[in-house]
Amino acid sequence: MFSIDVPIAPRGFGGRRAVVADRDAEQRATLSRHLNDRGFQVSEAASPLDVLSIIGSQAPSVAFLSRGTADLEQEECERTVALASMLYPRTRIVLTADSPLLLQEGGHFTILTRPVRLDQLDRCLEELVA
């Protein structure tokens, strides 16, 4: 059985906020810096499950989550994506993945290849705003 306590705060305080969750500190910093340069207030997390608390307290417009490479990391990310989609439907989820196989399993989420190219990130942001 799985249980988690997450805050669900009232909406209206999100704005141009983003959260980046990636165990790779360099990738996390690159994404955060680029998003910040594009006018986003950015929060960071090393673990996908930490994202739920951040989304609940800050209501970001977009959350970037790494699919990870190990089965356990992928399972943790999938669980986080499912919960975030249900609890916080206004936050757009963008996944990042190393493996081409994982790119095909994205379903209805946007997936960016890792390491994320900044031009690829810009196109993604344009689509999210449109």
Taking placed amide H atoms and a strict 5 Å upper bound, the residues 5 or more places from Thr110 or on another chain that come that close are Leu95
Please list, in chain and number order, the residues 5+ apart from Ala45 or on another chain whose amide H is under 5 Å from its amide H, with Hs placed from the backbone.
Val20, Ala21, Asp22
Convert each backbone phi in segment 58-64 into a coupling constant with the Karplus relation 6.51 cos²θ - 1.76 cosθ + 1.60 (shift: θ = phi - 60°), then list the ³J(HN,Hα) values in order as whole Hz, x for Gly and Pro.
10, 6, x, 6, 8, 10, 9
FRET efficiency, Ser57 to Gln120 (Cβ-Cβ, R0 25 Å, nearest 0.05):
0.30
For segment 17-129, radius of gyration divided by Kirkwood radius, i.e. Rg to Rh on alpha-carbons:
0.91
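Laboratory data are not the source of any read-out in this text; all were calculated from the coordinates shown. Given the structure is predicted, the values throughout are model-derived calculations rather than measurements. We place every Cβ from the backbone using ideal geometry, glycine too, and count neighbours over all the protein chains shown.
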